[in-house]
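The structure appears right after this line, and notes come after that.
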Amino acid sequence: MHKLLILIESSIDWQKFEDAWPDFLHLAESMPGLRREATSRIDATLFGNYPVTFIHELYFDSLNDASQALSSPEGRAAGKLLQEMTQGRVNLFFADHKEDLVENILKHKKTVQLED
């Protein structure tokens, strides 16, 4: 599975963003091949100073499916709107996505001794 990560910087006009968000979602959710999506609002930065406040993830079966979705009329319109609503203060990444269940992780867990 691959995902498109959309990282929104903190310095945008949040009212403009919130007003356009439903329209963006409608376009993004209309892209062909979309399997699921997730949204995260950053509560706190634990380390570093990357100015991200909002993350949206769009999941696809493959990198090719994700690329085709972005090239579709809906994808191009969503991208144009995203640039407008963030004033270009957005970063986009494709990522190979893998996940595991805790039950499986625990089956393969090794005991690790931490030094004091």
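The values are calculated or read from the model by the stated rules, or taken from the named source; none is laboratory data. Only a predicted model underlies this, so the values are computations on that prediction, with no experimental measurement involved. Quick reminder, even Gly has a Cβ in these numbers, built from the backbone with ideal geometry, and neighbours come from all protein chains shown. Ligands, DNA and RNA are excluded from the accessible area calculation, which covers all protein heavy atoms including side chains. Shrake-Rupley method; radii C 1.70, N 1.55, O 1.52, S 1.80 Å.
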So how many residues does the range 85-101 have that are farther than 18 Å from Thr53 by Cβ and either open to solvent by 90 Å² or more (accessible area, probe 1.4 Å) or within 13 Å of the chain's Cα centre (by Cα) (or both)? 7
Okay, strands (runs of 3 or more DSSP E) sitting entirely in the range 1-85 with 2 or more residues that are in contact (Cβ under 8 Å) with a residue 24 or more places away in the chain and under 16 Å from Ala95 (Cβ atoms), I get 2-9, 52-60
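May I ask you to verify whether Ser40 is farther than 25 Å from Trp14 by Cα and among the hydroxyl-bearing types (Ser, Thr, Tyr)? Quick ask: steps written out before the conclusion?
On the way: farther than 25 Å from Trp14 by Cα: no; among the hydroxyl-bearing types (Ser, Thr, Tyr): yes.
Considered against the rule, which asks whether it is farther than 25 Å from Trp14 by Cα and among the hydroxyl-bearing types (Ser, Thr, Tyr), Ser40 comes out as no.
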Among the residues of the range 33-40, are any modelled with pLDDT under 95 and of a type in the set (Val, Ile, Thr)? no
